[in-house]
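The values are calculated or read from the model by the stated rules, or taken from the named source; none is laboratory data. Computed from a prediction, not measured in an experiment: that's the story for all the values here. Quick reminder, even Gly has a Cβ in these numbers, built from the backbone with ideal geometry, and neighbours come from all protein chains shown.
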Amino acid sequence: MKKDYSELIISKLQEYAKNIETFYTTFLDTQDDEVLHQLRVNIRKSRVILKAFHEGFDAHALQKIDKKLSKIAKSSNKTRDLDVFLDACYHHFALHINNLPITFYEKLLHTRRDERATLEIFLKSKFIEDTMSEYKNFLKESKPFKLKKEKSFKKILAKHFNRIDILYKVYLQNAEEENLHKIRINLKKIRYLLEAFEEKLRSSKQQNILLRSKNLQKSLGLFNDLSIQKLFIENYIRKENEENNQVFIAFVQEIQKQKEVLKEQIEPLLLAFIEGSNGK
């Protein structure tokens with residue numbers, strides 16, 4: 001993308017705002033898990049673009065709308081994690097679930113129902129209606145702007161590439177999961193930026209980076225899901241005094257095994273992504 005047009009940026013944000021409203025109303029009608037996921041994705045995309053090109057918007061108004069969008073996204077974190085875990089229980093972990101005490105699965109379903117009920121109450125609140133209206137007006141009132149050279153699309157991407165490069169070097173010295181989590185968050189920002197302006201990408205390098213980012217993010221996302229699921233089980237074991245239950249122990253070991261397999265897949269993908277973004 002040789003030039004950055006504020007009209008294109010605002011148009012893309014308006015598209016996301018429309019998507020947010022559509023997925024919001026559809027979710028209230030259907031309670032569909034995938035619709036909720038798409039609602040969250042479009043909120044995240046909006047926030048990434050707004051922050052990347054923040055100098056083109058009124059600082060106070062931007063901070064206000066970003067804070068509200070963040071609150072909406074965070075409100076569904078727990079229910080989304082439980083949705084993913086339940087899906088994994090139906091498929092990947094079915095054999096282990098069948099061997100566990102029925103109370104574990106009942107607890108999982110009960111927790112999910114409570115979280116979904118809490119989310120539904122929040123989504124039906126006036127706060128949501130006001131936020132969506134405020135977001136649309138914020139974009140409607142935004143004026144065309146010219147990006148400074150140092151704030152160009154390529155410069156913004158370079159900033160995130162550099163951040164991932166630094167985090168990768170930290171990870172090589174200290175292979176903690178938190179460092180992979182930070183890489184995943186920054187990678188997501190790169191992907192959303194590239195996807196937003198995909199039709200303007202003239203560089204085969206940028207198109208290749210987008211493809212690699214999708215593959216890497218998928219693996220990092222699965223790794224993160226497993227980490228959350230393992231923590232949920234460990235908390236249950238601790239609360240229910242099941243530390244010596246061999247079935248639970250085997251379940252935790254299986255999740256850890258899958259994490260190790262994913263980790264082996266992630267590391268070469270991550271290296272290839274960094275080398276590709278550096279032109280190697």
For region 178-197, which positions are more than 17 Å from residue 166 (Cβ to Cβ) and of a type in the set (Asp, Glu)? 195
Note on region 123-149: residues surrounded by 14 or more Cβ atoms within 10 Å (Cβ to Cβ) and either outside any helix (DSSP H, G or I) or of a type in the set (Phe, Trp, Tyr) (or both) are 127, 135, 138, 142, 145, 147
Name the residue that is farthest from residue 76 (Cα to Cα), counting only residues in region 102-117 that are touching a residue at least 24 places away in the same chain (Cβ under 8 Å) and not aliphatic (A, V, I, L, M). 103
Scanning region 29-47 for residues that are farther than 16 Å from residue 82 by Cβ and touching a residue at least 40 places away in the same chain (Cβ under 8 Å), the one nearest to the chain's Cα centre (by Cα) turns out to be 44
Can we say residue 253 is at pLDDT 90 or above and within 18 Å of residue 87 (Cα to Cα)? no
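Residues checked against (1) part of a helix (DSSP H, G or I); (2) more than 30 Å from residue 251 (Cα to Cα); (3) not acidic (Asp, Glu):
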| site | (1), (2), (3) |
| --- | --- |
| 14 | yes, yes, yes |
| 19 | yes, yes, yes |
| 24 | yes, yes, yes |
| 34 | yes, no, no |
| 43 | yes, yes, yes |
| 46 | yes, yes, yes |
| 71 | yes, yes, yes |
| 89 | yes, no, yes |
Is it the case that residue 219 is assigned to a helix (DSSP H, G or I), at pLDDT 90 or above, of a type in the set (Ser, Thr, Tyr) and out of contact with any Leu (no Cβ under 7 Å at 6 or more places or on another chain)? no
